[in-house]
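In what follows, a structure is listed as structure tokens, so that the remarks can point back to it.
The values are calculated or read from the model by the stated rules, or taken from the named source; none is laboratory data. In this text, all values refer to a predicted model and were calculated from it rather than measured experimentally. Cβ: placed from backbone, ideal geometry, glycine included. Neighbour counts: every protein chain shown.
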Amino acid sequence: MARLDGKAFYYGWVIAFASGFILLITNGMTLGGLNVFDKPLLESLNESMGGSVTLAGLKTRDAITLAVGGLMTPIAGAAADRFGVRPLMVLGALLLSAGYYLYSTVDSLSQIYWIHVLFAATLASCGLVVNVILISRWFIKDRGLALGIAVAGTSLGNGTMPPINAALMGEFGWRASFAWTSLLPLLLLPVIFFVIRERPADLGSQQPAAQRAAGTPTVIGGMSLPDALRTRNFWLLAFIAMFSFFSIIGTQAHLNLYMLNRGFSQMDAGLSYTVLFYLGLCGKVLNGFLADRLGKKRVFVATLAVMVVGALVLRAPQVNAIWAGLALFGLGWGGLYTLLQLLAADYFGPRHLGKILGAITVLDTLGGGLGPPMIGAIRDNTGSYDQAFLLVAVLVGLAFILSMLFHTDTQAGTGKPTAT
């Protein structure tokens with residue numbers, strides 16, 4: 001087996017960083033990276049559709065991505081359990097490339113909506129759940145840190161793709177930028193074919209030593225989806241995910257306008273996303289590391305407590321306090337994002353994890369899809385974001401209370417202690 005500084009090197013760490021790169025591309029291109037194209041897209045669509053396109057109509061695409069992706073994820077999770085993650089990842093990369101190329105040709109909202117059905121399929125087949133399944137097969141020891149490294153790719157993508165797309169658009173125009181960027185997902189194909197392996201057993205002779213290095217068991221166990229649905233922990237995680245996804249997706253969707261309304265400049269409003277997403281990245285890696293050492297439930301509850309404080313500080317009358325609120329909210333959310341996947345993988349086991357995470361994803365995408373329009377409706381009716389951000393704080397507070405009810409006595413009905 002390969003050696004690094006005289007110690008056994010475990011290939012699972014290559015898998016963790018490869019997963020992070022895959023999530024950087026898929027999340028960055030389907031979510032944050034698209035926002036920089038909004039203005040020229042609206043201008044072009046209104047020119048071709050007689051001025052009838054609104055910002056709300058354009059942003060409906062995001063709800064389509066979340067809603068359809070949530071419905072597809074259980075199917076993709078079941079397919080990953082049965083056929084492996086690599087075929088799904090190849091499909092997701094090709095769909096993402098096709099979607100970006102088709103974006104360069106759009107002249108109607110209906111075309112955009114269909115493209116976002118492709119993006120939903122991309123996230124279902126090559127996004128978070130599939131990568132969590134992969135990491136859970138490779139790690140038991142240090143699983144928290146490995147998941148933190150992998151899911152950090154989502155924050156890196158949302159922080160990296162917008163300036164790349166903006167630079168391309170300034171150089172080539174928006175249509176040509178979409179066409180050029182459509183080549184980027186194809187970079188994932190050699191990673192999937194030559195780097196990704198389904199599990200340690202795929203390395204043949206390295207398997208026994210690799211398993212000893214990582215504490216990976218030779219027998220894969222776990223609950224079935226029907227068994228998981230009968231546990232309190234499944235519903236606790238599902239509603240925690242639903243409430244927190246409502247809060248984070250709704251907050252980031254309206255953060256730019258909220259900052260402008262509080263008197264900040266457009267530059268500061270843009271910087272607020274950098275603070276939110278990069279503190280989220282720190283939270284993902286840091287809390288994954290701490291979970292392996294301090295106990296998963298303890299860190300899980302703490303991340304939600306930090307997120308509650310951040311949500312309350314965001315509403316503070318002192319405008320400069322908003323930066324502290326953003327930092328705490330992002331740090332807490334990043335940790336929560338990692339711990340949700342980690343607790344599910346630990347408690348339910350890897351055998352049917354795709355189906356179980358897919359079922360949880362149905363509720364969390366429902367929450368995420370409701371966040372932007374509901375917060376917008378409250379803003380329209382009250383004239384401010386005060387009540388909307390109070391709702392965010394209340395929902396995160398409910399998630400915090402539910403997190404304390406999560407019990408960590410046994411794993412997948414085996415009676416073995418876990419997630420302590």
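Candidates Leu109, Leu94, Leu123: the one that is among the hydrophobic types (A, V, I, L, M, F, W, C) and modelled with pLDDT of 95 or more is Leu94.
The criterion of being surrounded by fewer than 18 Cβ atoms within 10 Å (Cβ to Cβ) and of a type in the set (Val, Ile, Thr) holds for Thr160. Across segment 356-377, the qualifying residues are those that are within 22 Å of the chain's Cα centre (by Cα), among the aliphatic types (A, V, I, L, M) and closer than 19 Å to Met259 by Cα, and the one among them that is surrounded by the most Cβ atoms within 10 Å (Cβ to Cβ) is Ile375.
Considering segment 156-248, the qualifying helices (runs of 4 or more DSSP H), each wholly inside and each with 3 or more residues that are over 30 Å from Leu395 (Cβ atoms), at pLDDT 85 or above and assigned by TED's automatic domain parsing to the domain that holds Leu45, run over 174-181, 188-194. Residues in segment 256-269 include none that are in contact (Cβ under 8 Å) with a residue 12 or more places away in the chain and closer than 20 Å to Gly144 by Cα.
Cβ-Cβ contacts under 8 Å between residues 6 or more apart (or on different chains), taken from a first residue in segment 115-136 that is without any contact (Cβ under 8 Å) to a residue 60 or more places away in the chain to a second residue that is outside any helix (DSSP H, G or I) and among the aliphatic types (A, V, I, L, M), are listed as Ile115/Val106.
Spot the failing condition for Ala291; the list is (1) closer than 30 Å to Asp346 by Cβ; (2) surrounded by fewer than 21 Cβ atoms within 10 Å (Cβ to Cβ), and only one is missed. Answer for Ala291: the failing condition is (2). Applying the condition of being at pLDDT 80 or above and farther than 12 Å from Ala327 by Cβ to segment 260-280 and asking which residue is farthest from the chain's Cα centre (by Cα) yields Gly263. Against the list (1) out of contact with any Leu (no Cβ under 7 Å at 6 or more places or on another chain); (2) buried (at least 17 other Cβ atoms within 10 Å of the Cβ), the condition Asp380 fails is (2).
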